[in-house]
Amino acid sequence: MRRRCLDGGNRGRPAWAPIIGAWQSPELGRLPGPNRPYGPLKPAEAPAWPQLDRMPVRRISGGLMQHSRGNLSNLLTISEPLGPISHERIVDEFVDELVDDDVTAFKEVNQKPYTLLLGRKGAGKSALITDLRLQMQRRNDGKTSLGGGRHQRRQDFVISVLTWQHFNKIVLSVGRKFSVDEVLGEIIPVEHFIELWYEMLWDEIIQHFYNLAHYEDSRVLLAPVDAYVNAAGPFEGNPRDEARRSFEASRRAVLAYLESRGVNLYFLFDSMDNYPVRKPTFSKIFTGLFQALTRVSDDSPRIHVTFCVPEEVEDFMTASSTNLMKDFASSFRIKWKPIDLLRVVAHRLRLSARLHDPALYAMSSEFDFAQREHIHQFFDAVLPAEITNGQGTQENTLAYIIRHTQLLPRHIIDIFNRTISSHYRQAKSFTGVSQEAVREGVRDSQRLISAQILHPYEQLYPKLLSACRSILPDLDPICSFAVLRKNQGRFQRKIEDDIGSVWDTLFRMGVLGRSIAQTGAHAHHVDMNDRYCYGQFHFNIEGAFGLATDGEYCFHPVFSRAFGMVRRTDDKRVVYPAHIDLFNVYGEQA
């Protein structure tokens, strides 16, 4: 009896069919991987292991890496002096130059690969995944090659699922296997879904190693992988049992292969931002995903799985979890400190100065931006010390810029791109930027920042945001609990049914914050002569957000403008996200 046992109602797959790749019919061929055509690969077609085509890089302690100027000229332009705000536009060969590994988030993730990376859109999840992937390739540089374009014997393996389409194929595969009656679906235990995800994740790994199964030095160890993918060879007995046996044999073969070579496997997932989490089947299909990721990682200390979770959809994804403590045991939430954002800007702007402003580059080429004093000196040359804000008061320029962000790299890079570009077109220099250029850069960037923050929520809460555009203009940027309570009723029947509290939801978006004193204590009694209203927002608060009846609340400066909110009282305080005063701009955030 041949292993390709057919089940008439299932087009070439047995009734159980745990692994899609092993049980496709001859007519359909094997399902393709991310870079693989239909049909099994013959030995002659086995591809050479992809080698990164990069120019050599060498580091200078505390300073820059040396590439030719031409490499970056198409990336660090006059229009975008700091380069693209989207990491996806940065090709691999430039990542080493543009990424500063001394930044806290990169050091943390590089020291210990986490299973889950959580962060908002623009927080740098893709940058961290890319840096982790290239870090593995950098470690492989200089290791002994087998020749002939084959994979180097001591190189680690990297499997990257970096596109929404690629991940969606895996999700659809799990969904096809979960095609049961809705009533029965309610009583299926979560362990079943964990098993489905576990099998599909391993199928992705096994298909990857199939590309190596035809090399002479790998053929014996990976023979079960070849048999699994091609579903070849006779067998006796139950096809379900045979399918399970073939899957387990190929899984163990991959583990033995990693162990025999003394190398690791890194399984990286990104691009979950646009996943349709409101689909009815979402929660069922995603049940067990996080535990399956952990289980794959636990199969061997040589396997490291990292999965990016956008905070915008985190609530929907965690709703399908049955054990949050276990699922999030190995997780890292990306939170940026002001000093790290400034380090990113200084690092990129100095690279750009090497191309466009030789005088600034000569002045700063020996600066080590791990030292706050050097960051301070660098920005003293670029920006005015103080700026007159919209309320007519003076404030530190860097604090002014950062408080108009939500502490995300994408936001501050866009503000500096606009500010520096506008100034350079007139002065042909990055130094001596005027107050007006800073104000204009912040003003122009605010539209993009607000749109970028709200974009994921436009898909999740379109009714709520529509209601906000008509109701919030009637509120002051700083208001009391009584004002919020009074306007709560205006949202009724205008928003999504699953929203429990309008204000809690706006807090999670980063729109609404809670006012505190500069010391961090709750600000229940406010002196209107104060210059600042310090706000705790979703991105700079630890713990839950509570609506205290005697509390004071504030809207983030970006959204005050985005929703057309105006001041109607004598309160002229400027809303500052807490911990973005001058000390924390140049120092460590508490």
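Structure summary
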read-out: Accessible area (Å², per residue) of region 386-431, counting only protein heavy atoms and a probe of 1.4 Å; value: 31 Å²
read-out: Residue-count net charge about Phe537 - beta-carbon cut-off 11 Å; Lys, Arg +1, Asp, Glu -1; value: +3
read-out: Packing rank of 530-540, 215-225, where each peptide gets the mean count of other beta carbons within 10 Å, highest leading; value: 530-540, 215-225
read-out: Residue-count net charge about Met200 - beta-carbon cut-off 11 Å; Lys, Arg +1, Asp, Glu -1; value: -1
read-out: Computed magnitude of the charge dipole of region 469-514 (debye, nearest 20; Cβ of K, R +1, Cβ of D, E -1); value: 120 debye
read-out: Relative packing of 490-501, 74-85, 302-313, 423-434, which averages over residues the other C-beta atoms within 10 Å, highest first; value: 302-313, 74-85, 423-434, 490-501
read-out: Accessible surface of region 441-572 [probe 1.4 Å, protein heavy atoms]: carbon and sulfur percent; value: 49 percent
read-out: Residue-level accessible surface for Trp164, protein heavy atoms, 1.4 Å, Å²; value: 80 Å²
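The values are calculated or read from the model by the stated rules, or taken from the named source; none is laboratory data. For clarity, every value in this text was computed on a predicted model and none was experimentally measured. For neighbour counting, all protein chains shown are included, and Cβ atoms are generated from backbone atoms with ideal geometry for every residue, glycine included. All accessible areas refer to the heavy atoms of the entire protein, side chains included, with ligands and DNA or RNA removed. Shrake-Rupley method; radii C 1.70, N 1.55, O 1.52, S 1.80 Å.
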